[in-house]
1. How many of the residues in region 360-385 are buried (at least 17 other Cβ atoms within 10 Å of the Cβ), in contact with a helix residue (DSSP H, G or I) (Cβ under 8 Å, 6 or more places away or on another chain) and either charged (D, E, K, R) or without any contact (Cβ under 8 Å) to a residue 24 or more places away in the chain (or both)?
2. Considering each residue of region 477-507, count those that are within 42 Å of the chain's Cα centre (by Cα), surrounded by fewer than 15 Cβ atoms within 10 Å (Cβ to Cβ) and without any contact (Cβ under 8 Å) to a residue 12 or more places away in the chain, and give that number.
3. Does residue 435 satisfy the criteria of being open to solvent by 80 Å² or more (accessible area, probe 1.4 Å), modelled with pLDDT under 80, part of a loop (DSSP other than H, G, I, E, B) and not assigned by the TED database to the domain that holds residue 250?
4. Answer yes or no as to whether residue 281 is under 13 Å from residue 417 (Cα atoms), assigned to a helix (DSSP H, G or I), of a type outside the set (Lys, Arg) and in contact (Cβ under 8 Å) with a residue 24 or more places away in the chain.
5. Mind listing just one residue for me: the one in region 340-354 that is outside any helix (DSSP H, G or I) and surrounded by fewer than 17 Cβ atoms within 10 Å (Cβ to Cβ) and, of those, nearest to the chain's Cα centre (by Cα)?
6. Could you check, for region 173-180, whether at least one of its residues is outside the structural domain of residue 243 (by the TED database), open to solvent by less than 10 Å² (accessible area, probe 1.4 Å) and under 30 Å from residue 95 (Cα atoms)?
7. Let me confirm something: among 183, 187, which residue is among the basic types (Lys, Arg), assigned to a helix (DSSP H, G or I) and in contact with a Pro (Cβ under 7 Å, 6 or more places away or on another chain)?
8. May I ask you to say which residue of 149, 186, 190, 113 is open to solvent by 60 Å² or more (accessible area, probe 1.4 Å), more than 22 Å from the chain's Cα centre (by Cα) and under 23 Å from residue 221 (Cβ atoms)?
Amino acid sequence: MRLAYWMYAGPAHIGTLRVASSFKNVHAIMHAPLGDDYFNVMRSMLERERDFAPVTASIVDRHVLARGSREKVVDNILRKDKEERPDLIILTPTCTSSILQEDLQNFANRASRISDSNIIFANVDHYRVNELQAADRTLEQVVQYYLDRSHGQETLDQSLTDVPSANIIGIFTLGFHSQHDCRELRRLLRDLNIKINQVIPEGGSVKDLKNLPKAWFNLVPYREVGLMTAMYLEKKFGMPYVSTTPMGVVDMAECIQQIQRSVNTLAPTSSNKKVDYEPYIDEQTRFVSQAAWFSRSIDCQNLTGKETVVFGDATHAALITKILTREMGIHVSCTGTYCKHDAEWFKEQIKGFCDKILITDDHTEVGDMIAHVEPSAIFGTQMERHIGKRLNVPCGVISSPVHIQNFSLGYRPFLGYEGTNQIADLVYNSFALGMEDHLLDIFGGHDTKEIMTRSLSTGIGLIWDPESRLELKKIPHFVRNKVERKIEKFARQKGIVNITVEVMCAAREVLST
């Protein structure tokens, strides 16, 4: 476990709590010391939830350390069972409380003999996995628990629905634009005349999980969460799954073609006609999505060859890289992800689409790489946005971790054909563009907040000697203008007309204090 003031993916228990709080009528008991119980505040703030998050902290304090946790944990489970009447209670430690090496599985078993609710201990290695891996594993565990339970009770119905249907797996709370993406996926499936069997875990009921095998196929929009569940359902029930993310014009077509193959495989056995989605793909690409047209317009041509850096989770970083390179003609100097466990898939996906690949969860490495490349724009997480602000490079946020500004009240999906328009807007607006770029070159920028004279030409009346000019050229170009303005401001305040190297050093000492 490494100490850091920024983590791209949080600790494992956050992933478990995200899955638990996404289901309807499921409560989570978190065995943790004070300080680990920030999930409720985070979820309420970012998701703007009106209701309290269904998570209770069973606090580890000095009394617990002296007597043990069994009595307290069991009492908390039984108390929530009586107060909330949940269908399921999930018990999880945090990486901090895991140090105590307590047998929480035994506590869960003990409480389940008394409780009316079902109780599961989240079987996650909190030392070895991060938030996304834990969420993926927890979702699979919950699905497997209820399907095995239904099989044992002989209530499991594996007959397929009369019409083509699908499960959407992996939409859950605090996801990056996932609520908007889910609406777009529902619209897509409705356009294809495919019934939605279930969406899990967000808004799903654990009582309905026994009906998952009734769907014709599973759709997994993000690799980070849902893939383990889809693979389990394929192994156990032979259910095919589509894991191509429908993001961007090209991958949208590929995803729909995979859906077509899944439907046509089962259509003859269900007395349904085979489907042909090619006319739909053609119509949507030409008339609904503006991205294909925009990529050929003069506005997008102005972006051709501009250098960018992309960093984020494996799904979004890989897809945005392919969209920038393949669909918009933008040069991607480096692409990276913090999902080190999915490095092989990531490398395979972006092979040939970028110059360099960076697999790391250390934000300082990402910052150094961006400073070295000096791109025209960055597409990354909120951390890359902060890095871009320090380097004066614009950044479009395309992946979690995110801030409240990325939980927009308006409709902003990244998936589907409407998502292609949103991504094109984000990319285009993240650059200094067209006439704006031209005017910035002519007038030296539009940031006048530090200009101390009435004239925009701040250099009037000041003389830079040759040595100071050479010293100024050593400063990276993306901060050079800002440094120049500050030195000239310092010179005016001191009544200095000739700017020398000594004046630059004096200004640097004053500005750095």
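1. Number satisfying all stated conditions: 3.
2. Of the residues in region 477-507, 1 are within 42 Å of the chain's Cα centre (by Cα), surrounded by fewer than 15 Cβ atoms within 10 Å (Cβ to Cβ) and without any contact (Cβ under 8 Å) to a residue 12 or more places away in the chain.
3. Details: open to solvent by 80 Å² or more (accessible area, probe 1.4 Å): yes; modelled with pLDDT under 80: yes; part of a loop (DSSP other than H, G, I, E, B): no; not assigned by the TED database to the domain that holds residue 250: yes.
When the stated conditions are applied, residue 435 does not pass them.
4. Values: under 13 Å from residue 417 (Cα atoms): yes; assigned to a helix (DSSP H, G or I): yes; of a type outside the set (Lys, Arg): yes; in contact (Cβ under 8 Å) with a residue 24 or more places away in the chain: yes.
It is true that residue 281 is under 13 Å from residue 417 (Cα atoms), assigned to a helix (DSSP H, G or I), of a type outside the set (Lys, Arg) and in contact (Cβ under 8 Å) with a residue 24 or more places away in the chain.
5. The initial filter retains those residues of region 340-354 that are outside any helix (DSSP H, G or I), namely 351-354.
Now narrow it down to the ones that are surrounded by fewer than 17 Cβ atoms within 10 Å (Cβ to Cβ): 351-352.
Values: 351: 21, 352: 24 Å.
Going through the qualifying residues, I end up with 351.
6. no
7. Values: 187 fails: in contact with a Pro (Cβ under 7 Å, 6 or more places away or on another chain).
The match here is 183.
8. Details: 149 fails: under 23 Å from residue 221 (Cβ atoms); 186 fails: more than 22 Å from the chain's Cα centre (by Cα); 113 fails: under 23 Å from residue 221 (Cβ atoms).
Testing whether each residue is open to solvent by 60 Å² or more (accessible area, probe 1.4 Å), more than 22 Å from the chain's Cα centre (by Cα) and under 23 Å from residue 221 (Cβ atoms) leaves just 190.
The values are calculated or read from the model by the stated rules, or taken from the named source; none is laboratory data. Keep in mind it's a predicted model, so treat the numbers as computed, not measured. All Cβ positions, even for glycine, are placed from backbone atoms using ideal geometry, and neighbour counts span all protein chains on display. With ligands, DNA and RNA removed, areas are computed over all heavy atoms of the protein, side chains included. Shrake-Rupley method; radii C 1.70, N 1.55, O 1.52, S 1.80 Å.
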